[in-house]
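The values are calculated or read from the model by the stated rules, or taken from the named source; none is laboratory data. Please read all numbers here as calculations on a predicted model, not as lab measurements. All Cβ positions, glycine included, derive from the backbone under ideal geometry; neighbour counts span all protein chains shown. What goes into the accessible areas is simple: the full protein's heavy atoms, side chains included, and nothing from ligands, DNA or RNA. Shrake-Rupley method; radii C 1.70, N 1.55, O 1.52, S 1.80 Å.
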Amino acid sequence: MKIITLIWLTLLAVSLSGCNSGESDDQTIPVSNQAAVSLNTPVLNNDGSLSVEFTVKNDSGEAITLTSDPSFGLMKLIHRPENPAQGATSLEKSMWKNFTYRERDGTTTSYVETTSNLETLAPGQYRHTFSFDVTSVIDPASSDNTVIPWDEDLLHRITFEYKLESGERLSEVIDWVPSGNAAPFTRNILDSASCTSCHQDTAIKHGSRKDPRVCVACHNNSVPQTTRRSLETIVHTAHGDIFELITEDEEGNAVTNDPTLASSYAFVDKPYPQDIRNCDACHKAPVADVTDDAANWMKQDYDSCQTCHQVRDTLASGSGLSVHVGEAGANWSAESCTSCHTEGNPDLNVHDVHIGRVNKIQQASETVSIDVENARIEGSNYVVDVRVKIEEKGIASITELTPYLDVNPSDYKFTPRIYLQLNWDNGAGPELSYTNLNMVTSDGSADNCAPQGDGLFICSQDLSGSSKQPDANSKLTVSVAEVVLCADRRNGKLKACSELSAEKTEYAPWRIAAKTTSKSFDFGGIELSHMLPIGADVEACSNCHKDFTIHVTSHGARDLQQCINCHNSERAAYYAGFPADLKYHVHSFHAFGSHRDGSPTYPATATTVKVATLGSNTTCRISKIIAHRWQQRMAKPNGSALHW
């Protein structure tokens, strides 16, 4: 034990040596030597070949020598041809058209070329020349060997990619109009930062590739009927398609299903981490020169719609799963999709159907207010004053709210609940594992707290049987949880859950967690500005888990203060062998998957997850936290274990 203590103290001394009382860090930040590439404007040669010069240097401006050949893609931006069979619209849709193709197994696909046509002009300066005449490329989408026109007035793109010795990919693109004129139209839809904010700047597919601007060089709509899907289809399917084709039975044996039958698809509890209608998590508002065309997704486009709403939505045999059950049935068609959900059609346009629905049920949740006004210790009782209002009017009985509480007797999560999570903090975090006071009786028929009028209820929990007792210095903490409301997604008002029981929740959200309340008080009831300690940046969590909608139907949780009241170091595990503190709970989902199966795919593996935002004092601050926790541990009787 003495040896371990000495090691810890040595580490702390070294770590803390860089800290000062001013909380500043005056150490010089070392050069990262991060490689960067810069592409010059391409040049069309007399023989129809295209050359591009580029430089590769590190942060210090030193030349980097390439030890292998980079890969290059060449595309131009064109208007996407209308397909009458898919519901022609007047929209001017755009798509990247490749000049680089290859034949493989009798199939033509887009690709990027890697050739030895690389000239070294000077240290760190190179020239690549494409291996073909770019003005005479046969269009694989044509039936008569038509040449892809070299249109000097359209926007063109060259993609560059190089695998560094570290295994990381160096990616860059250059967009240019050969004539030098302004581009007639662009396709700046998505800022890659939207991807990296969740995916931690790690590769998703194909080894270490992660730049969507380069991904689209292969994954586009250049070749009709190709098995290589467009990036649009891949991303939307992964984030928005909540059904998967059944390929194996419950025993894991392979089965064959007809993909044209809706019965062949199974609902899956994905995608994570966003609610499937939060399209604006990636498709943010337009930003000049970054995402100028971000609003394109607001326009109806059958091809885009189908990436999430696949064949199972269109068949009579799948009416049980259809968005328009009893309405569209077998008559669903591309024309009906794009003619109804038009940009100017209120409540039915793309924005209102997706984002608008979520906003409406959020609006409904705001009509309910459950405010903790006071908490105190009276004898052996933990007493809490709570005021409940609906549309700013205090209710006389909790039964006025229960019709809007999601109730499903077959699921323990959705029996009538308005939980007050009771705890206290003596300076080392929550003291209790799981102490809830339900404001409503288990059948939802009566008050479990004494109504005082004007929405005020006095609730009391007897702690006399508890092995732990708060003392005069304890900070009492109260959070509201498990309040899951039913709402009308069209008018933004509460709706009796009984009237929504037939809704298909996979498509049409109608559950929403009530607005949360978490407050702290001293032993006698004076309100304190105290929060239970959480070792994470809540904003960093919400960057991915927008409004924590993933937990709307799981404890009605929208705030980490609710979570830590139960998921803390004192909580006994529900499953034997699994700790249940919030740290373990969050890490297990991100490192081992939602069922602890060891195979998470999003947003990144445990070894690649990075902290989103760290100040220059991070190391210093972490060291101080370690020191503080070490002091706490040593202060415990017999050096007993302290959960971090």
Sort out which residues of the range 54-79 are surrounded by 17 or more Cβ atoms within 10 Å (Cβ to Cβ) and either modelled with pLDDT under 90 or over 15 Å from L164 (Cα atoms) (or both), and write them in order of number.
-> F54, F72, G73, L74, M75, K76, L77, I78
Test result for E119, surrounded by 16 or more Cβ atoms within 10 Å (Cβ to Cβ) and not β-branched (V, I, T) = no
Considering every residue within the range 524-535, establish whether at least one is at pLDDT 85 or above, in contact with an Asp or Glu (Cβ under 7 Å, 6 or more places away or on another chain) and either part of a strand (DSSP E or B) or of a type in the set (A, V, I, L, M) (or both).
-> yes
In the list S474, S442, which residue meets the criterion of being touching a Pro at 6+ places or on another chain (Cβ under 9 Å) and over 14 Å from D385 (Cα atoms)?
-> S442
Please give the number of the condition V134 fails out of (1) open to solvent by 40 Å² or more (accessible area, probe 1.4 Å); (2) in contact (Cβ under 8 Å) with a residue 12 or more places away in the chain; (3) within 19 Å of A217 (Cα to Cα).
-> (1)
Kindly indicate whether A203 is within 22 Å of R80 (Cβ to Cβ) and of a type in the set (G, A, S).
-> no
Please determine, by comparing only the residues of the range 146-180 that are exposed (fewer than 12 other Cβ atoms within 10 Å of the Cβ) and under 24 Å from T115 (Cβ atoms), which one is nearest to the chain's Cα centre (by Cα).
-> G167
Note down all Cβ pairs under 8 Å where the first residue falls in the range 56-74 and is free of Cβ contacts under 8 Å to residues at least 60 places away in the same chain, the second is part of a loop (DSSP other than H, G, I, E, B) and open to solvent by less than 10 Å² (accessible area, probe 1.4 Å), and they're at least six residues apart or on different chains.
-> T65/G124
Some residue of the range 271-285 being at pLDDT below 65, buried (at least 20 other Cβ atoms within 10 Å of the Cβ) and not in a loop (DSSP other than H, G, I, E, B) = no
Kindly indicate whether A266 is at pLDDT 80 or above, over 25 Å from A591 (Cα atoms), of a type outside the set (V, I, T) and open to solvent by less than 60 Å² (accessible area, probe 1.4 Å).
-> no
Quick one: would you say V353 is in contact with a strand residue (DSSP E or B) (Cβ under 8 Å, 6 or more places away or on another chain) and either surrounded by 14 or more Cβ atoms within 10 Å (Cβ to Cβ) or outside any loop (DSSP other than H, G, I, E, B) (or both)?
-> no
Residues that are within 20 Å of S49 (Cβ to Cβ) and touching a residue at least 24 places away in the same chain (Cβ under 8 Å), drawn from the range 140-149 = I148
Looking at the range 198-216, is at least one residue under 26 Å from Q306 (Cβ atoms) and assigned to a strand (DSSP E or B)?
-> yes
Across the range 468-522, what is the total count of residues that are farther than 17 Å from A364 by Cα, modelled with pLDDT of 85 or more, surrounded by fewer than 17 Cβ atoms within 10 Å (Cβ to Cβ) and of a type outside the set (G, A, S)?
-> 4
